[in-house]
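Just below is one structure, and these are the notes that go with it.
The values are calculated or read from the model by the stated rules, or taken from the named source; none is laboratory data. Small disclaimer: the values here were computed from a predicted structure and weren't measured. Because the Cβ atoms are built from the backbone with ideal geometry, glycine has one as well, and the counts that use them run over all protein chains shown. The accessibility values were calculated without ligands, DNA or RNA, using every heavy atom of the protein model including side chains. Shrake-Rupley method; radii C 1.70, N 1.55, O 1.52, S 1.80 Å.
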Amino acid sequence: RRAKLPYTKTVHDFDFQFQPSISEQRVKETLTCRFIANGENRLLLGPPGVGKTHLAISFAFEALTKGYSALFITAEEMAAECRKAAQKGTLNRLVSRWSRPDLIVMDEVGYFPFDELTANIFFQVVSKRYEHGAMILTSNKSYLEWGKVFGDEVLATAILDRLLHHSVTFNIKGDSYRMKDKKKAGIFP
Ligand code: ADP
Ligand code: MG
């Protein structure tokens, strides 16, 4: 099954020396894909450029290699799909499409606040997948800010409650890899 990965990166391309806040041990554990069999979640938090999407893709790629079905979608694509489905009256079909794969990767949650419809569909998907369908989320926002992302503190709490129950969070700190060479050249402090 295809995941429509935005690009192919594996953990072999990842420089753990550059990002010491990431536990290589936990990354390796995630790559075993046991979390998928157990319906657990992996959350990657941190500022732009620290490797969240790279690792999410690596995990999805490994899942596909091991024969799991996986779907990769950005928060922006989710919002657009929700609007389209609402117009066509096919929201139920959308929820089941996002509930079905063994693994779903939702990339870039929090870069913009969700509209009410998308926030509600997001909650439905998280509820349906809870304890059986694995999820990977990446976000540039800390959990404290998710109320603002979902436009509703109660909804954000309900989502986080389910997401975090069986999960590992990678709290990535440090510099953007994209700025690495610019920094060396003295363009950035
Ligand atoms: P984020 O999703 O956190 O904004 P990305 O995962 O898109 O960041 O990383 C930005 C770019 O830098 C990508 O091309 C990615 O492959 C690369 N990159 C990030 N961190 C590392 C790292 N530690 N080692 C190797 N490449 C990295
Ligand atoms: Mg990213």
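Taking all protein chains in place and a 1.4 Å probe, what share, in percent, of the accessible surface of the chain do carbon and sulfur account for?
On the way: 5110 of 10040 Å².
Here it works out to 51 percent.
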(request) For n ≥ 4 DSSP H runs only, could you compute -39500 (n - 2.57) per run for the chain, divide by its residues and tell me the 222 nm figure to the nearest 500? (result) -13000 deg cm²/dmol
(request) Return the sequence-ordered ³J(HN,Hα) values of region 25-34 in whole Hz as given by the Karplus equation 6.51 cos²θ - 1.76 cosθ + 1.60 applied to θ = phi - 60°, using x for Gly and Pro. (result) 4, 6, 5, 4, 4, 5, 5, 5, 6, 4
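May I ask you to give the solvent-accessible area per residue for the chain, in square angstrom, as obtained with a 1.4 angstrom probe?
Values: 10040 Å² over 189 residues.
Counting only protein heavy atoms, the per-residue value for the chain is 53 Å².
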(message) For a quick check: with amide H placed at 1.01 Å from N, whose amide H comes under 5 Å from residue 71's, ignoring anything fewer than 5 positions away on the same chain?
(response) 103, 104, 105
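At a 10 angstrom cut-off on C-beta neighbours, averaged per residue, how do the peptides 55-66, 33-44, 161-172 rank from highest to lowest?
Numbers: 55-66: 20.9, 33-44: 19.2, 161-172: 15.6.
By packing density, highest mean first, the sequence is 55-66, 33-44, 161-172.
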(message) Nearest 5 percent is fine: what portion of the DSSP beta bridges confined to the chain is antiparallel?
(response) 0 percent
(request) Have a look at 20, 101, 47 and tell me which one the Gaussian network model of the chain (Cα, springs below 10 Å) gives the largest fluctuation. (result) 20
(message) At a threshold of 8 angstrom on Cα-Cα distance, excluding pairs fewer than six apart, so keeping six or more, what relative contact order does the chain reach in percent?
(response) 32 percent
(message) Taking the 0 to 90 degree range and rounding to the nearest ten, how far is the long axis of helix 75-88 tilted relative to the main principal axis of the chain, both from C-alpha atoms?
(response) 20 degrees
(message) Spelling out what I want: for every residue of region 150-163, take phi, set θ = phi - 60°, compute 6.51 cos²θ - 1.76 cosθ + 1.60 (Karplus), and round to whole Hz; glycine and proline get x.
(response) 8, x, 6, 5, 5, 5, 4, 5, 5, 5, 5, 3, 6, 4
(request) Among 141, 84, 52, determine the one that fluctuates most according to a GNM of the chain built with springs between C-alpha atoms less than 10 Å apart. (result) 84
